[in-house]
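Before any comments, here is the structure.
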Amino acid sequence: MVDVCKVTKEDLKYAYDKIDYWYKKNIKFLTIITVPFNTPCVFSNIISNIAQNNGKILYVWGRKSENKELINIIKEINTDITHSYIEKGTSTTNLVFIHYDNLIKIEEQYDLVIFDDITYFSNLNCINVRERLEICSNLGERVLLYSIEKMSLVGEKFELAAYNYKKPFVEPRILTTRIDLNVDIPYSLYDYLKWFKENNHKVAIYVPNKEKLNIIYDYFSDKLKLSDVKIIKVSKSDEIKRCERVSKYKDKAIFIITNKIEELLEYCYIDDCVIMFSDNERYNYKKILYVCGQIRNINTKLPEVLLVSNEVSDDMDKAKNMARDFNKKVWEKRLIEL
């Protein structure tokens, strides 16, 4: 995770004003709809204002730590704000961070509860999010949801484009084939792999489980006729550290085959992603979108995300449409600015 907020306060003003306006109206819920891995800095102003009035804020997210990027910008605004991470009970600080799995262990009330489902690789489906929002509603006088989509909440909402909006959101490409992917790959994918190799790209090749991991690794190692490519198999989290070192080599193409879809992009620089068997139920639309959002943030150029399958699942289709909508909103924003 990037620890420094790269967004200027001028650029944050739109979100600051919308959140402040909602808070003054005394409406219980606010949903901010945005792209995966957008900045948490949008909350810095409201947190500072509530803390100055001796209020308390609970920040709920999917990490067992504080959000350092948010903490750093808050310190620039108000050095007196205290903060902590807890797993249960109570805290004496203004701003309290907690993992969403520990919500039921909280034993105090808050002026504002922020539920962040954006700034990390979220594994929560809509039902999971709604269940946790019900707990948040009991813990907080006001509740703010940061999400890729609107939940069935009574309250207000507004949409927020990515702050690095000059770079498009990655729209996944769908490659369908009649070929049995357990045995072979289509020519369309082979052409992409050849191009990745010629440009010394570092490519994550995702598979849904360990069985498919071995099948695809064996194919890439023994049957794929591409020379001068390093093939790595990663099935355990501790093996990702090795990939972190290898992925820094600039003069060689590296294909990392893994079922660790969440962890790899957090630690390794990756140019492009291929999701094999993308119609598998493990790859819901949210997971696909978060891959697109995460690789967009770490890649200096526009990466490719390829969805390879025999059928186009509803989730693949929905992910592609939502990614296109993210870019459409940015395009409309640019027209307004002109």
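The values are calculated or read from the model by the stated rules, or taken from the named source; none is laboratory data. No experiment lies behind these values; they were computed from the predicted model shown. Here Cβ is always computed from backbone atoms with ideal geometry, including for glycine, and neighbour counts include all displayed protein chains. Ligands, DNA and RNA are stripped out before the accessible areas are found, and what is left, the full protein with its side chains, is counted by its heavy atoms. Shrake-Rupley method; radii C 1.70, N 1.55, O 1.52, S 1.80 Å.
Past 32 Å, Cα to Cα, is the threshold; run 166/287; 28/166; 68/210; 212/318; 223/248 against it and keep the listed order.
28/166; 68/210
Ranking request for peptides 124-136, 36-48: highest mean number of other beta-carbon atoms within 10 Å first, then the rest in descending order.
Ranking the peptides 124-136, 36-48 by packing returns 36-48, 124-136.
How much of the calculated P(r) for segment 81-203 lies past 26 Å, in percent of all Cα pairs?
Cα-Cα pairs in segment 81-203 separated by more than 26 Å: 48 percent.
May I ask you to give the percent of accessible area on segment 107-206 that is carbon plus sulfur, with a probe radius of 1.4 Å?
Using a 1.4 Å probe with all protein chains present, segment 107-206 comes out at 46 percent carbon and sulfur.
Could you sort 267-276, 19-28, 197-206 so that the peptide with the highest average Cβ count within 10 Å comes first and the rest follow in order?
267-276, 197-206, 19-28
If the label point is 7 Å along Cα→Cβ of residue 128, which residues in segment 50-82 have backbone nitrogen under 15 Å from it?
61-64
Order 100, 120, 192, most accessible first, counting only protein heavy atoms with a 1.4 angstrom probe.
192, 100, 120
When the helices in the chain are scored as -39500 (n - 2.57) per DSSP H run of 4 or longer and the sum is shared across all residues, what 222 nm value do you end up with, to the nearest 500 deg cm²/dmol?
-11500 deg cm²/dmol
Could you check the spin-label model distance between residue 66 and residue 182? Points 7 Å from the Cα along Cα→Cβ, value in nm.
Label at residue 66, label at residue 182, 5.1 nm between them.
Find how much the distance from residue 6 to residue 159 grows on full extension, using 0.36 nm per residue of separation minus their present alpha carbon separation; answer in nm with one decimal.
My answer for the length gained is 53.1 nm.
Output needed for segment 129-275: three equivalent-ellipsoid semi-axes, defined as square roots of 5 times the C-alpha gyration tensor eigenvalues, in descending order, whole Å.
Equivalent-ellipsoid dimensions as semi-axes: 37, 18, 17 Å.
So, in nm, how far is label residue 13 from label residue 90 when the simple model puts each one 7 Å beyond its Cα toward the Cβ?
Inter-label distance under the simple model: 4.1 nm.
Quick check on packing: order 76-89, 253-266, 282-295 by the mean number of other C-beta atoms within 10 Å, highest mean leading.
282-295, 253-266, 76-89
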